[in-house]
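The values are calculated or read from the model by the stated rules, or taken from the named source; none is laboratory data. Given the structure is predicted, the values throughout are model-derived calculations rather than measurements. Counting neighbours? That spans all protein chains shown, and the Cβs are built from the backbone with ideal geometry, glycine included. Note: accessible area is taken over every heavy atom of the protein model, side chains too, but ligands, DNA and RNA are not part of it. Shrake-Rupley method; radii C 1.70, N 1.55, O 1.52, S 1.80 Å.
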Amino acid sequence: SYGFDISWSRVAYARKWLHSQGILNTTLCSGELLNIPFSDNSIDIVYTSHSIEPNGGSEEPILKELFRVTRKYLILLEPSYEMASDEAKRRMISHGYCKNLKTISESLGYQILTHELFPFTTNPLNPTAITIIKKHSNTIDSPSSIFACPKYKTPLEIVGNMLFSPEALTVYPIIDEIPCLRVQNGIFASKYKEIIESKF
């Protein structure tokens, strides 16, 4: 399992909680929704749960980026403006929530298997829809590296104690075993690999 959040601290707390539950097989990093630091077709099932809701106006690029890293299925558990009451719609508009995820997905040519209200919603003014999208990928083998340069989407190499992007000539730091993979975390270091691997 893999996951990311824009905040390193939230990722650190999430990892601490996972470890307290005996879950040790999850890899977390910091990253951004519009520049997901994972390779194309690298994650069998990509899942969101009210993760993209406050990004109204960015629905299409978000869906494209989630679909890019998906290998088999994209599962969205997100508020449904279309199936909401008038009061809930007003609330969603005031918060800048995403809309029309199903319609936009269809316009992108994605195959929708399910789009319906989820039976478990804690707030009737924020009704959750489940949308399941199937991806027909010709990729048989998993990519050589799950982590990818958030800018170029190309595989990252572990060099020293950093992740190096040969295409971007950039290194991304790893803090307390958590890769920092937001675009702005990158440090331009064109000779990093040469210097680290050379023996003086």
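Largest to smallest in accessible area, the residues I62, I174, I146 fall in the order I174, I146, I62 (1.4 Å probe, all protein chains included). Restricting attention to the chain, close to 70% of DSSP beta bridges with both partner residues there are antiparallel. So what's the angle, to the nearest 10 degrees on a 0 to 90 scale, between helix 59-69 and the longest Cα principal axis of the chain? Tilt relative to the chain: about 50 degrees.
These residues, F4, F147, go from largest to smallest accessible area, 1.4 Å probe, as F4, F147. Averaging the sequence gap over all C-alpha pairs within less than 8 Å and six or more residues apart, then dividing by the number of residues, gives the chain a relative contact order of 21 percent.
Here the range 89-160 is treated as a Stokes sphere of Kirkwood radius computed over C-alpha pairs; at 20 °C and 1.002 mPa s its diffusion coefficient rounds to 134 µm²/s. Among the lysines of the chain, pairs at least eight places apart or on separate chains and with Cα atoms under 17 Å apart come to 14.
Taking every protein chain into account, the 1.4 Å probe leaves Y152 with about 110 Å² of accessible area, to the nearest ten. Counted residue by residue at 0.36 nm each, then reduced by the alpha carbon distance between them, the extension gain from W17 to Q111 reaches 30.3 nm. Between L181, L113, L63, the GNM of the chain built on Cα springs shorter than 10 angstrom shows L113 fluctuating the most. Dipole check for the range 86-200: with +1 at the C-beta of Lys and Arg, -1 at the C-beta of Asp and Glu, and the Cα centre as origin, the magnitude is about 340 Debye.
Over all orientations, the range 13-63 has a Cα convex hull whose mean projected area works out to 4.6 square nanometres.
The tail of the calculated P(r) for the chain, taken as Cα-Cα distances beyond 23 Å, holds 51 percent of the pairs. Dipole of the chain computed with +1 at Lys/Arg Cβ and -1 at Asp/Glu Cβ about the Cα centre; of N123, A84, G22, farthest Cα towards the positive end is G22.
Could you compute the longest span of the chain free of GluC sites (Glu not before Pro) located in DSSP loops and having at most 14 other Cβ atoms within 10 Å, not counting the site residues? Here the longest segment lacking exposed loop sites spans 83-166.
For the chain, the longest principal axis of the Cα atoms and the long axis of helix 86-95 meet at an angle of about 30 degrees. For the range 1-110, a crude dipole built from +1 on the beta carbon of Lys and Arg and -1 on the beta carbon of Asp and Glu, taken about the Cα centre, is about 280 debye to the nearest 20.
Nearest 0.05, what FRET efficiency do H136 and I174 give at R0 = 30 Å with Cβ-Cβ as r? Spell out each step's value before the answer.
Details: r = 35 Å, r/R0 = 1.16.
FRET efficiency, H136 to I174: 0.30.
Considering only protein heavy atoms, with the full assembly of protein chains and a 1.4 angstrom probe, order D40, D5 by accessible area, largest first.
Details: D40 75, D5 45 Å².
So the residues, ranked largest to smallest area, are D40, D5.
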